[in-house]
Structures are given as structure tokens and as C-alpha cells.
1. Can we say residue 185 is buried (at least 18 other Cβ atoms within 10 Å of the Cβ), over 21 Å from the mean Cα position of the chain (by Cα) and in the same structural domain as residue 90 (by TED's automatic domain parsing)?
2. Tell me whether the stretch 188-200 contains one or more residues that are touching a strand residue (DSSP E or B) at 6+ places or on another chain (Cβ under 8 Å), in a loop (DSSP other than H, G, I, E, B) and within 15 Å of residue 100 (Cα to Cα).
3. Is it the case that residue 169 is without any contact (Cβ under 8 Å) to a residue 60 or more places away in the chain and in the same structural domain as residue 100 (by TED's automatic domain parsing)?
4. Which of the residues spanning the stretch 201-218 are crowded, with 19+ Cβ neighbours inside 10 Å and in a loop (DSSP other than H, G, I, E, B)?
5. For residue 184, only one of the following conditions fails: (1) in a loop (DSSP other than H, G, I, E, B); (2) more than 19 Å from residue 103 (Cβ to Cβ). What is its number?
6. Go through 104, 155 for me and flag whichever is assigned to a helix (DSSP H, G or I), modelled with pLDDT of 90 or more, assigned by TED's automatic domain parsing to the domain that holds residue 185 and touching a strand residue (DSSP E or B) at 6+ places or on another chain (Cβ under 9 Å).
């Protein structure tokens, strides 16, 4: 194949493209859009895969999440009832933990508003501590009495410090810790014991938003 022949083919191709500019433009545009969509889908798939891998690495491959809906983060809001004590008795289960999410009236001084609140049980505190946000002041000690942990943003908003009180649904709670903002948890969140949160909203003892089960490793 000579250079002249190749040049002739290129000339004919360019001439045909020039005669059908609109169709050629639409064809090139369609190819570009298709390629961009393919790249976007691949990128999205890889991002989802990385996120799932990170969650499993954090959670552990010997864990099972129980949720009433599709949301399985600490911010899951759909409630359900399950007897974790009976589940704990199932062969192969090491331990279980529970999370309950609500929105409550928080008040301190002249500042008041509705903010997300999380209730966690003692098993969560003892067996799933790797899920806790980093504490900047105080400690996770919610097991006894009316105690509360608040995130740093909320502490700044309300101008609160350790040992001070805030009202949750008009009930006083003492601040025992302030934790660092965590992307997995909603902004301006407070955390109290599961029992206290269930009592605040007059909920049955087995009402949860999220259950977590650790099974025996093989």
C-alpha cells in the first residue's frame, strides 16, 4: 500500500465527513459521551468497592449488621424490635450490640434546637470500641446515670465544657466527654446510653435502629 493510496483514502474520508457534518458531529459526540459514561461507571464501581472494603476492614469480616432498612451506618433511623439476648444465646455468637437513633430537643443556656442523638448499650462500649470517634476530652463512660458525650461542633455551638449540664428533652445530662467530628456520624450529635434514650422517648427495651453481631471465628 503506497503513500499515495493512503493519502487518497484519507482525502476521501475527510471529504465524506465534510459532506455530512451534522451526522459526523453527532457520531463523535455519541462516542465521547459513551466513553465518558464508561469511565464514570468504572470509577464509581471502584469507589463503592473501596468504601465497602474499608467498612469491612473497620467492622471485621466476622460481624453481621442487622437493620430494618438499607441504611447500615450509625445514622440509620428506621426502628425495629429484636431480642438481642436471645440472639446472644445462639451457638456461634460471641456478642451483640445495639444502637438507637432519634432526634431530640437539646438545650443549654439560651441555645436550643433539634439535634441527632444516638443511644448505645454497654456491649457496644466494651466490645466495639473501634467504632467510637476519637475523644478529645473526657472518656466514653455512659454506663451509669445521666451522662452524655457530645461532638466538638456541638460543644462549640453551645459553648459547653466537661462537667457541665445540658437538657435533653428537658432532662439534665452531665457531659463526660467530647469527641472529634466523625464523617460516619451526623454533625452535632450527642451520645447517651441506650436505656436512657429508650426512656426519653418511652420506647420498649428491644427497640433498635441497628444491631451488630460478632460471630465466632472459624
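1. Working: buried (at least 18 other Cβ atoms within 10 Å of the Cβ): yes; over 21 Å from the mean Cα position of the chain (by Cα): no; in the same structural domain as residue 90 (by TED's automatic domain parsing): yes.
When the stated conditions are applied, residue 185 does not pass them.
2. As a first pass, look at the stretch 188-200 and keep what is touching a strand residue (DSSP E or B) at 6+ places or on another chain (Cβ under 8 Å): 188-198, 200.
Right, trim to in a loop (DSSP other than H, G, I, E, B) and you get 188-189.
If we keep only those that are within 15 Å of residue 100 (Cα to Cα) as well, we get 189.
Yes, the stretch 188-200 contains a residue that is touching a strand residue (DSSP E or B) at 6+ places or on another chain (Cβ under 8 Å), in a loop (DSSP other than H, G, I, E, B) and within 15 Å of residue 100 (Cα to Cα).
3. Numbers: without any contact (Cβ under 8 Å) to a residue 60 or more places away in the chain: no; in the same structural domain as residue 100 (by TED's automatic domain parsing): yes.
No, not satisfied.
4. Passing the criteria: only 209.
5. In the conditions (1) in a loop (DSSP other than H, G, I, E, B); (2) more than 19 Å from residue 103 (Cβ to Cβ), residue 184 misses (2) alone.
6. Working: 104 fails: assigned to a helix (DSSP H, G or I).
None of the others qualify; the one that does is 155.
The values are calculated or read from the model by the stated rules, or taken from the named source; none is laboratory data. Source: prediction; values computed, not measured. As a convention, Cβ positions derive from the backbone with ideal geometry for all residues, glycine included, and neighbour counts pool all protein chains shown.
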